[in-house]
1. Considering segment 129-170 alone, what residues qualify as being of a type in the set (Asp, Glu) and over 11 Å from the mean Cα position of the chain (by Cα)?
2. Can you pull out the residues in segment 84-114 that are assigned to a loop (DSSP other than H, G, I, E, B) and of a type in the set (A, V, I, L, M, F, W, C)?
3. Quick check: anything in segment 117-125 part of a helix (DSSP H, G or I) and buried (at least 20 other Cβ atoms within 10 Å of the Cβ)?
4. Out of (1) within 24 Å of PRO36 (Cβ to Cβ); (2) assigned to a helix (DSSP H, G or I); (3) small (Gly, Ala, Ser), what's the single condition that is false for GLY151?
5. Tally time: how many residues in segment 73-114 are among the aliphatic types (A, V, I, L, M), under 21 Å from GLY53 (Cβ atoms) and touching a Pro at 6+ places or on another chain (Cβ under 9 Å)?
6. Pull out all pairs, ordered by first then second residue, where Cβ-Cβ is under 8 Å, the residues are six or more apart or on different chains, the first lies in segment 136-157 and is within 17 Å of LEU112 (Cα to Cα), and the second is in a loop (DSSP other than H, G, I, E, B) and among the basic types (Lys, Arg).
Amino acid sequence: MEPGRVDRSYQARCLDISVDRSFEDFRRQYEQAVPPYDATAFNALVARGAPRGDVLALMRERAPHNFLIYWSSGDLQPMMKLAGDPPHCVEYLMGNHTIAERMFRHDAAVMLYAPLRTVISDGHDGGARFIIEQPSRALGSFGLDAIHDVGVDLDHEVGALLTHLEIPVPTYLSE
């Protein structure tokens, strides 16, 4: 291996969860539980050099279930339908920068996995699907307990969000 080069590998666990609601109903519910990131509010804290406590308080206020949507693709269905693929599908980057910071202080490369990537699509049975990669798997690849522990916390936070959304929580997220 070259000096200064680190190769990490891990076995991903993709959680593909069936949801007993329509795509539109579940998407609406998800976006209410995970609101959009408001850059203006957080940038105001940065501009005044606010203490960490103010950042944490704003995150608690803005992210009632510990996550914000930093980006969304919008529904990919109109474009994919041009190729004959009719299902609805939306990609999201969902996260919490105060949680990410707990890992960032140990290795900035964790930002490859934070925020978390999620997908909501039409299911095979008429319902919806929620798809996410188990956070602790990727974050455990850093070989640092402090980062892996945050990954496990994220597993539990995702599980709590799924509980709020009234969809089954895979045991991998609650172990």
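Rule-based calculations on the coordinates, nothing more; no lab input. On a predicted model such as this, the values are computed, not experimentally measured, just so you know. Neighbour counts run over all protein chains shown; Cβ positions are idealised from the backbone, glycine included.
1. In the first step, residues of segment 129-170 are kept if they are of a type in the set (Asp, Glu); the result is 133, 145, 149, 153, 155, 157, 166.
Result: ASP145, ASP149, ASP153, GLU166.
2. Of segment 84-114, the ones assigned to a loop (DSSP other than H, G, I, E, B) are 84-88, 96, 105-107, 113-114.
Answer for segment 84-114, where residues must be assigned to a loop (DSSP other than H, G, I, E, B) and of a type in the set (A, V, I, L, M, F, W, C): just ALA114.
3. Narrowing segment 117-125 to residues part of a helix (DSSP H, G or I): none.
No, there is no match, as no residue in segment 117-125 is part of a helix (DSSP H, G or I) and buried (at least 20 other Cβ atoms within 10 Å of the Cβ).
4. Result: GLY151 fails condition (1) only.
5. Let us first name the residues in segment 73-114 that are among the aliphatic types (A, V, I, L, M), namely 76, 79-80, 82-83, 90, 93-94, 99-100, 103, 108-112, 114.
With under 21 Å from GLY53 (Cβ atoms) added as a condition, the list becomes 99-100, 103.
This time we only want the ones that are touching a Pro at 6+ places or on another chain (Cβ under 9 Å), so: 100.
Of the residues in that region, 1 qualify.
6. Between residues of segment 136-157 that are within 17 Å of LEU112 (Cα to Cα) and residues that are in a loop (DSSP other than H, G, I, E, B) and among the basic types (Lys, Arg), the close pairs are ARG137/ARG13; SER141/ARG8; PHE142/ARG8; GLY143/ARG8.
Matching residues to (1) in a loop (DSSP other than H, G, I, E, B); (2) surrounded by 13 or more Cβ atoms within 10 Å (Cβ to Cβ); (3) under 14 Å from the mean Cα position of the chain (by Cα):
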site: GLN11; (1), (2), (3): yes, no, no
site: ARG28; (1), (2), (3): no, no, no
site: ALA41; (1), (2), (3): no, no, no
site: ALA44; (1), (2), (3): no, yes, no
site: GLY53; (1), (2), (3): no, no, no
site: ARG60; (1), (2), (3): no, no, no
site: TYR70; (1), (2), (3): no, yes, yes
site: GLY74; (1), (2), (3): yes, no, no
